[in-house]
Amino acid sequence: NLSPPALIIVGETVRFFQNGSRFRERILYLGTNPEKYKSLGTIIHHPMIAVSPATIDPGDARHILDGLPRTDLILLTSRFAVRYFFEFLRRQGFDRKALRAVDFAVIGEDTARALVNHGFYPLVTAEEETSEGLLSALEKSLALHGKRIVFPRSSLPNPFLKTELEKRGSIVDEITIYQNTKPPQRDLPAGPIDKILFTSPSTVGNFLQDYGRIPREWQILAKGSRTREALAAAGYSSEVLVFE
């Protein structure tokens, strides 16, 4: 005999409910967007990746800029890709009006919001925040054969999107627009830790490089299947966290 408004919570989602009067778990967060996860507990921010603009070869820059007016689609896989792509255009004196006829595809709502803040709206937004999720969303929405695509990306090697799009007949120009590097090693935060949240395979590798192991008493959370695979390869089991 329910009447609106009613809220139904099903399955594992119940575990993320936090009553304000209960103990809030301390979560060591290794990514770059701690505000997104603050409802899970007390977030202890200890980033294991550092992001900065990439140095772009002038020839590569000219190739991308000359091709942008004829581009069908621009792929943006993080809010950093949005930020540094538009900074790149500004530094080069590129007139953004030329992009009005170009479509955008993005991963996740955070990237979509970052794009909207620059005055552009994505044609495709992948809800699953992975390269595989973006490819699936593109296949459902667009005919990919013959599409001219520009892909501003990070310095971390991940050939999946370019390879798979080219298999489907797309013409893909990649450009490394920002660097994703390991910060200098520093001491772990003081105080007890209940959980540790890895947001990407690079946070896994960088953490283990600096600290050698994950304490046995910490519960391990992994954002997405690729992060979980990286943890498994290092000998750790984890709970996959999808929190959008």
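Could you list all residues from the stretch 155-182 that are surrounded by fewer than 16 Cβ atoms within 10 Å (Cβ to Cβ), small (Gly, Ala, Ser) and touching a strand residue (DSSP E or B) at 6+ places or on another chain (Cβ under 9 Å)?
155
From the set of residues in the stretch 198-231 that are open to solvent by 30 Å² or more (accessible area, probe 1.4 Å) and hydrophobic (A, V, I, L, M, F, W, C), which is nearest to residue 154 (Cα to Cα)?
The selected residue is 208.
From the residues in the stretch 135-149 that are in contact with an Asp or Glu (Cβ under 7 Å, 6 or more places away or on another chain) and open to solvent by less than 20 Å² (accessible area, probe 1.4 Å), which one is farthest from residue 103 (Cα to Cα)?
135
Any residue at all in the stretch 218-228 that's among the hydrophobic types (A, V, I, L, M, F, W, C) and assigned to a helix (DSSP H, G or I)?
no
State all residues of the stretch 122-153 that are within 26 Å of residue 55 (Cα to Cα), at pLDDT 95 or above and touching a Leu at 6+ places or on another chain (Cβ under 7 Å); if no residue qualifies, say none.
Passing the criteria: 149, 150, 151, 152.
Exactly one of these conditions fails for residue 152: (1) assigned to a helix (DSSP H, G or I); (2) within 25 Å of residue 57 (Cβ to Cβ); (3) open to solvent by less than 60 Å² (accessible area, probe 1.4 Å); (4) not hydrophobic (A, V, I, L, M, F, W, C). Give me its number.
Tallying (1) assigned to a helix (DSSP H, G or I); (2) within 25 Å of residue 57 (Cβ to Cβ); (3) open to solvent by less than 60 Å² (accessible area, probe 1.4 Å); (4) not hydrophobic (A, V, I, L, M, F, W, C), residue 152 fails exactly one: (1).
In a helix (DSSP H, G or I) and β-branched (Val, Ile, Thr): is that true of residue 176 in this structure?
Taking the combined requirement at face value, the residue does not satisfy it.
Working only within the stretch 26-50, note down all residues that are in a helix (DSSP H, G or I) and either under 16 Å from residue 200 (Cβ atoms) or in contact (Cβ under 8 Å) with a residue 12 or more places away in the chain (or both).
Those that are in a helix (DSSP H, G or I) and either under 16 Å from residue 200 (Cβ atoms) or in contact (Cβ under 8 Å) with a residue 12 or more places away in the chain (or both): 34, 36, 37, 39, 40.
Say whether the condition of being farther than 17 Å from residue 64 by Cβ, part of a helix (DSSP H, G or I) and polar (S, T, N, Q) is met by at least one residue in the stretch 156-173.
Checking the stretch 156-173: at least one residue is farther than 17 Å from residue 64 by Cβ, part of a helix (DSSP H, G or I) and polar (S, T, N, Q).
Looking for whichever is among the β-branched types (Val, Ile, Thr) and closer than 18 Å to residue 223 by Cβ here; the options are 124, 106, 116, 172. Which one fits?
106
Every residue in the stretch 110-148 that is farther than 21 Å from residue 166 by Cα and among the aliphatic types (A, V, I, L, M), please.
112, 114, 115, 116
The values are calculated or read from the model by the stated rules, or taken from the named source; none is laboratory data. Note that the structure is predicted; figures quoted are calculated from it, not measured. Using ideal geometry, Cβ is built from the backbone for each residue, glycine included, and neighbour counts are taken over all protein chains shown. These area figures cover heavy atoms from the full protein model, side chains too; ligands, DNA and RNA do not enter into them. Shrake-Rupley method; radii C 1.70, N 1.55, O 1.52, S 1.80 Å.
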